[in-house]
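Read-outs: derived from the displayed coordinates by stated rules, not from any lab. Keep in mind the model is a prediction, meaning the values are calculated, not measured. Cβ placement follows ideal geometry from the backbone for every residue including glycine, while neighbour counts extend to all protein chains displayed.
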Amino acid sequence: MRLLARLKWFMEPFSIVLIVFGIFSLCQPFTYFLYHYGFAFLGIGTGLYILFSHIPPLQDLEEAKEG
């Protein structure tokens, strides 16, 4: 569980970036490639955010261990 809590520090902001990039990819008029994979970026980012937002932060795990 500690490993997942440490991964949360990186993966939660990364998933937000993927969500924003997915929205940008769906709204841009430049390339078909970005439009084609935009929904995949959006879905993967949303799934990662949901997964890692349910993991308690590392500080909460350390406080529960001490107390």
Looking only at the range 1-43, and only at residues there that are within 17 Å of His54 (Cβ to Cβ) and aromatic (Phe, Trp, Tyr), the one that is surrounded by the most Cβ atoms within 10 Å (Cβ to Cβ): Phe14
Every pair of residues 6+ apart whose Cβ atoms lie under 7 Å, when the first sits in the range 24-50 and is within 29 Å of Lys8 (Cβ to Cβ) while the second is surrounded by 13 or more Cβ atoms within 10 Å (Cβ to Cβ) and of a type in the set (D, E, K, R): Tyr49/Glu12
Pro56, sole failed condition from (1) surrounded by 12 or more Cβ atoms within 10 Å (Cβ to Cβ); (2) not in a loop (DSSP other than H, G, I, E, B): (2)
Extreme residue, farthest from Ala5 (Cα to Cα), among residues of the range 44-53 that are among the hydroxyl-bearing types (Ser, Thr, Tyr) and surrounded by 13 or more Cβ atoms within 10 Å (Cβ to Cβ): Thr46
